[in-house]
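Colleague: Sharing a structure with you now.
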Amino acid sequence: MDWPGSALLLVSSSSRTGPVEGFLSLARELRRKGVDARFGGDTVRPGEDLGEHLAHAGVPWETGLRLSRKVRPADLLHDARLLSRWVREGRFDLLHAGFAHDHHLCLWAAARARRADVRVVRAAQRREDLEPGALRQRVWALRRSDGIVVHVEAYRQKLLALGLPPERVAAIPAGVDASWFTPGNAPRLRREWGVPEDAPLAGIVARMKPERGQRVLLRAFAGALTTCPEAWLVLVGRGEDEAALRALAGQLSGRIVFAGYLRGPGLVDAYRALDVAVWLREGNDGGCRGVLEAMACGKPIIAGNDGASGELVRDGRDGLVVGPGDERAIASALAALLRDRERARAMGDSARGRAELFTPARAADSTLRFWRALRELPPRSAGGAGAG
């Protein structure tokens, strides 16, 4: 089957990380499979060299769309008219939306175009995307979609419990490039951080936001120091909670390092420098690609059991799974793996083997199969809300 000949993946963001990174990986793999996959992102706010990132990935950017989440009426009207014209003219067979803003635009465009062969898919990235919302508007939009992709089987079950048809909901884990994220050491980076080369080191790579769990991790690490006093902790990233985290760290221990934002080879080395990686709560994309990246680098994971991380990490094999807010359990897990580095290395080897299963090509194949299955179902987005 040659369908879809063309697909537009939309994320109203100007960042090159988060959902954008996952969408670019998907688009790149789809293009290798003969689908003319293109990207639509925020062209209003300045981004982090997003155009350069897209060009490197070989994914065309539809810069005619503005996709600004500032909700400016002129931008909304512009995008609604342009997208509906593109769909009506047959420029795209499928619209794959990352955020609610993009999703509503896609539904509006498909309804206006009334093409029976076009499909709208929502990538429900996070737990909050599954909540009914005020006046149940999220459920309404999901029901109008031809299909929904989540990263976690538990989230799929949650949508089925809301009454969505099982054939319209797919759980597709994220993918990781295990040829780029590989095991190794990073003694130079440890020296830059001021961490002794032989010291047990745990770390978290995540945006610094209150909901990402760094605060509970800092307190848990302080607790772990009572049984593993030679341990260190590094926080890699940036964000609005950094000042509060630095203040808290200053009260707890002098063995906590703030490493700043790293990407490219620096990010790979950050994972390699660790003995144990920590990931407690999902980010904007919900796929927890950071978990897979650390696993691909051969690191055991202390993973929160909420969201994708709890399904990617096999408890006791690839790491330890804990409640993301359970300070005592996190402290115990840190102490257990930082004190027994042979056990940690064995778990890291297992984690590497598991990560190798989650390739970007596998994620693209699963997505393409799901898209094609949706084509065989009655359309919902093109005016057929009661069908299927």
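Colleague: May I ask you to list pairs of residues, at least six apart or on different chains, whose Cβ atoms are under 6 Å apart, with the first in the stretch 146-167 being within 26 Å of Val118 (Cα to Cα) and the second being in a loop (DSSP other than H, G, I, E, B) and β-branched (Val, Ile, Thr)?
Modeller: As it stands, the answer is Val149/Ile172, since those pairs meet every condition given.
Colleague: So, of the residues in the stretch 117-136 that are outside any helix (DSSP H, G or I) and free of Cβ contacts under 8 Å to residues at least 24 places away in the same chain, which turns out to be most open to solvent (accessible area, probe 1.4 Å)? Give the steps one after another, and end with the answer.
Modeller: Here is the first cut: in the stretch 117-136, the residues outside any helix (DSSP H, G or I) are 117-126, 131-133.
Adding the requirement that they be free of Cβ contacts under 8 Å to residues at least 24 places away in the same chain leaves 131, 133.
Numbers: Glu131: 66, Gly133: 30 Å².
So the residue we want is Glu131.
Colleague: Sticking with this one: So, in the stretch 144-165, exactly how many residues are within 20 Å of Ser84 (Cα to Cα) and over 23 Å from the mean Cα position of the chain (by Cα)?
Modeller: Within the stretch 144-165, the subset within 20 Å of Ser84 (Cα to Cα) is 144-147.
From what is left, the residues that are over 23 Å from the mean Cα position of the chain (by Cα) are 144.
Total satisfying the criteria: 1.
Colleague: With Val268, Val278, Val257, Val291 as the choices, which residue is assigned to a helix (DSSP H, G or I), open to solvent by less than 30 Å² (accessible area, probe 1.4 Å), in contact with a strand residue (DSSP E or B) (Cβ under 6 Å, 6 or more places away or on another chain) and among the β-branched types (Val, Ile, Thr)?
Modeller: On the way: Val268 fails: in contact with a strand residue (DSSP E or B) (Cβ under 6 Å, 6 or more places away or on another chain); Val278 fails: assigned to a helix (DSSP H, G or I); Val257 fails: assigned to a helix (DSSP H, G or I).
Criteria check complete, one pass: Val291.
Colleague: Something else now. For the condition under 21 Å from Leu280 (Cβ atoms), surrounded by fewer than 16 Cβ atoms within 10 Å (Cβ to Cβ) and either touching a Cys at 6+ places or on another chain (Cβ under 9 Å) or small (Gly, Ala, Ser) (or both), what is the one hit in Gly353, Gly325, Gly348? Lay out the reasoning, then the answer.
Modeller: Working: Gly353 fails: under 21 Å from Leu280 (Cβ atoms); Gly348 fails: surrounded by fewer than 16 Cβ atoms within 10 Å (Cβ to Cβ).
Answer to the check: Gly325.
Colleague: Then there is this: Only one of Val176, Val234, Val216 is assigned to a helix (DSSP H, G or I) and β-branched (Val, Ile, Thr); which? Please lay out each step first, then the result.
Modeller: On the way: Val176 fails: assigned to a helix (DSSP H, G or I); Val234 fails: assigned to a helix (DSSP H, G or I).
Of Val176, Val234, Val216, the one residue that is assigned to a helix (DSSP H, G or I) and β-branched (Val, Ile, Thr) is Val216.
Colleague: Looking only at the stretch 87-116, filter to residues that are open to solvent by less than 20 Å² (accessible area, probe 1.4 Å) and free of Cβ contacts under 8 Å to residues at least 40 places away in the same chain; which one of those is nearest to Ser6 (Cα to Cα)?
Modeller: Initially, the stretch 87-116 is screened for residues open to solvent by less than 20 Å² (accessible area, probe 1.4 Å), giving 87, 92, 94-99, 102-103, 105-107, 109-110, 113.
From the residues that got through so far, the ones that are free of Cβ contacts under 8 Å to residues at least 40 places away in the same chain too are 87, 109.
Working: Val87: 11, Ala109: 16 Å.
Among residues in the stretch 87-116 that are open to solvent by less than 20 Å² (accessible area, probe 1.4 Å) and free of Cβ contacts under 8 Å to residues at least 40 places away in the same chain, the one nearest to Ser6 (Cα to Cα) is Val87.
Colleague: Name every residue in the stretch 56-75 that is open to solvent by less than 60 Å² (accessible area, probe 1.4 Å), out of contact with any Leu (no Cβ under 7 Å at 6 or more places or on another chain) and not polar (S, T, N, Q), in order of residue number.
Modeller: Start the filter on the stretch 56-75 by keeping residues that are open to solvent by less than 60 Å² (accessible area, probe 1.4 Å), which leaves 57-60, 62, 64-65, 67-68, 75.
Subsequent filtering for residues that are out of contact with any Leu (no Cβ under 7 Å at 6 or more places or on another chain) retains 58, 60, 68, 75.
Selection gives Gly58, Pro60, Asp75.
Colleague: Please identify the pairs in which a residue from the stretch 1-24 that is farther than 11 Å from Gly98 by Cβ and in a loop (DSSP other than H, G, I, E, B) has its Cβ atom under 7 Å from the Cβ atom of a residue that is acidic (Asp, Glu) and modelled with pLDDT of 95 or more, counting only partners at least 6 apart or on another chain.
Modeller: The qualifying pairs are Trp3/Asp93; Pro4/Asp93; Gly5/Asp36; Gly5/Asp93.
Colleague: Further, regarding this structure: Pairs, please: C-beta under 6 Å, at least 6 apart or cross-chain, first residue free of Cβ contacts under 8 Å to residues at least 40 places away in the same chain and farther than 17 Å from Glu211 by Cβ and in the stretch 316-327, second open to solvent by 50 Å² or more (accessible area, probe 1.4 Å) and assigned to a loop (DSSP other than H, G, I, E, B)?
Modeller: Val321/Asn305
The values are calculated or read from the model by the stated rules, or taken from the named source; none is laboratory data. None of these values were measured; they are calculated from a predicted model. Heads up, the Cβs are rebuilt from the backbone with ideal geometry, glycines too, and the neighbour counts pull from every protein chain shown. Quick note on the areas: whole protein, heavy atoms, side chains included, nothing else; ligands and nucleic acids left out. Shrake-Rupley method; radii C 1.70, N 1.55, O 1.52, S 1.80 Å.
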